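All remarks here apply to the structure that follows.
The values are calculated or read from the model by the stated rules, or taken from the named source; none is laboratory data. Computed from a predicted structure; not experimentally measured. Methodologically, a virtual Cβ is constructed for each residue, glycine included, from the backbone with ideal geometry; neighbour enumeration extends over all protein chains shown. Keep in mind that these areas ignore ligands, DNA and RNA; they rest on the heavy atoms of the full protein, side chains included. Shrake-Rupley method; radii C 1.70, N 1.55, O 1.52, S 1.80 Å.
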Amino acid sequence: MDRRTLLTMLAAMPSLAFAPARAQQAEPATIKFGYSPASPIASFVAANGVNAFAAQQLKIDVVNASESAVMLQLVSSGQIQMAGVGIPSFLQLMALGGRLRIVSCFEYTFTDSTGYPWEAAFLAAPKDRGIKTLADLKGKRVATPGFSAAWYLALRPLLTAAGVNPKDVTFLTIPFTQMRGAIMSREVDAAIITSTELVRLRQQTPVETLMTGTQMTGVKIDMSQVIVGRDDWLQQNEATVVRFIKALLKTRQYMQADIEKNNGANIKRFISEQLKFDDFLTETYYGFRAGYVGRELEYVNALDVPRSTVERYRKILADGGLLPGKGDLAFEGLFDRRYLKKAHQELGMSWDEGKVEA
């Protein structure tokens, strides 16, 4: 090596030593997330449509499961990190000493101040069965999704109050998607049926709606699902959890704007494309389970979980003898609100303490 070449290399070394390192794109954090495609959540559909999780540097690895109990087992064992589950199954696990926590709501169900039912389920019967009140259910056959379902458990004392011994009503467990066929074939006379299947039933026969889901459970605003995770994982991955919630909050802001300014056209497109619904089912699903976003803010902060709803579910299950364990079911031990509040703060969203139930 000649002297000139050596001097050239030495001269270049300081600039190389202090040159800024090339920025590297951080790998998205992966969350294995339990989700039931049989019970689609509108905000999750829309989040995928607008790539909300990718925008928060998250990769969502969806693990399909049909029932909350299965997803809760997967979360508890660490096979998945978070999941959308129903409150009754969550409470039953926690009563047995589970170490999970709710971090936010996933989807609401309620009747708004105008009287419009953004409800997930109804107690309904064809008009030709002559069932107009709860008293008319005596001697009838009623479909329920399960004997641990909150709607079924809540309905039993309502029957007693209406002068009907629950033993005089034959309850049959039937999957939601099979209830319409069971009604039309007269296997059952009434059903606790989903809003989508109710609309399909109305296409075939006139229907009497006896009660909404929230009327059965006796709450002002209900939650079809909440987001849960194992407490130790949540604490160790706080930033990831907050980013997940931020993705849902940003999605709901997008949905609210689309509803107000665009009649939900983009939301409907996401529903049609991802759920493979025809125009009728898309409009039906939007009309019951998607077009409400923003209206729930009359009652709660975005994605917050009302104490009164959780405690009402706890009472329903306890009265039904379905909380046999001795786990601590105090609300403060069930829902860790700090992740949700931090997500609000980082997005610059307002938080109204007046909407938080003491």
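State the percentage of accessible surface on the chain attributable to carbon and sulfur atoms; use a 1.4 Å probe and exclude ligands, DNA and RNA. Working shown, then result.
Values: 8570 of 17050 Å².
Ligands and nucleic acids excluded, carbon and sulfur give 50 percent.
For Cα extents along the principal axes in Å, which listed value, [x] 68, 43, 39; [y] 95, 51, 23; [z] 105, 49, 39, comes from the coordinates shown?
Answer label, from the structure shown: [z].
Which of rounded, prolate or oblate describes the stretch 269-358 when judged by the alpha-carbon gyration tensor and an a/c cut-off of 1.5?
Details: a/c = 2.48, a/b = 1.36, b/c = 1.82.
Since a/c reaches 1.5 but b/c is at least a/b, the shape of the stretch 269-358 is classed as oblate.
Distances over 21 Å make up what percent of all Cα-Cα pairs in the stretch 133-222?
Values: 1024 of 4005 pairs.
Roughly 26 percent, rounded to a whole number.
Any idea what the dipole of the chain comes to, in debye rounded to 20, about its Cα centre with Lys/Arg Cβ at +1 and Asp/Glu Cβ at -1? Provide the component values of the computation, followed by the final result.
On the way: 41 positive and 36 negative charges, 70 e Å.
That gives a dipole near 340 debye.
Determine the distance separating the Cα centre of the stretch 277-340 from the Cα centre of the stretch 172-246; give it in Å without decimals.
That distance is 11 Å.
For an R0 of 30 angstrom, estimate the FRET efficiency from the Cβ-Cβ distance between ALA149 and GLU27 and round to the nearest 0.05. Don't skip to the end; give the middle numbers.
Values: r = 41 Å, r/R0 = 1.37.
Computed FRET efficiency for ALA149 and GLU27: 0.15.
As a test of the formula, what do you get for the chain when each DSSP H run with n ≥ 4 contributes -39,500 (n - 2.57) and the sum is divided by the residue count, at 222 nm and rounded to the nearest 500 deg cm²/dmol?
Numbers: 16 runs with 157 residues, N = 358.
Result for the chain: -13000 deg cm²/dmol, rounded to the nearest 500.
Skipping prolines and chain starts, which residues have an amide H placed within reach, meaning under 5 Å, of the one on MET82, given they are 5 or more residues away or on another chain?
LYS32, GLY34
With contacts defined as alpha carbon pairs under 8 Å and 6 or more residues apart, what's the relative contact order of the stretch 298-358 in percent?
Details: 24 pairs, mean separation 36.0, N = 61.
Averaging sequence separation for qualifying contacts and normalising by length gives 59 percent for the stretch 298-358.
Using 25 Å as the Cα-Cα cut-off, could you pick out the over-long pairs in LYS32/LYS342; LYS59/LYS261; LYS32/LYS250?
Details: LYS32/LYS342 22 Å; LYS59/LYS261 30 Å; LYS32/LYS250 20 Å.
Over 25 Å Cα-Cα: LYS59/LYS261.
Whole number in Å², please: accessible area per residue of the chain, 1.4 Å probe, ligands, DNA and RNA not counted.
Details: 17050 Å² over 358 residues.
That works out to 48 Å² per residue.
What is the spin-label model distance, in nm, from LYS315 to LEU96 if the labels are put 7 Å beyond Cα along the C-beta direction?
Modelled inter-label distance: 2.6 nm.
Would you mind classifying the stretch 94-170 by shape? Square roots of the alpha carbon gyration tensor eigenvalues, ordered a ≥ b ≥ c; an a/c under 1.5 is rounded, otherwise it is prolate if a/b is larger than b/c and oblate if not. Show your work: numbers first, answer last.
Numbers: a/c = 2.65, a/b = 1.45, b/c = 1.83.
Oblate shape, in that a/c is at least 1.5 and b/c is the bigger or equal ratio.
Just want to confirm a number: the relative contact order over the chain, from Cα pairs under 8 angstrom separated by 6+ residues, in percent.
Numbers: 569 pairs, mean separation 90.5, N = 358.
Computed over the chain, the figure is 25 percent.
So in the chain, what percent of DSSP beta bridges are antiparallel if you round to the nearest 5?
On the way: 24 of 40 bridges.
Taking every DSSP beta bridge with both residues in the chain, the antiparallel ones total about 60 percent.
Just want to confirm a number: the relative contact order over the stretch 43-124, from Cα pairs under 8 angstrom separated by 6+ residues, in percent. Don't skip to the answer; put the middle values down first.
On the way: 40 pairs, mean separation 15.4, N = 82.
Here the relative contact order equals 19 percent.
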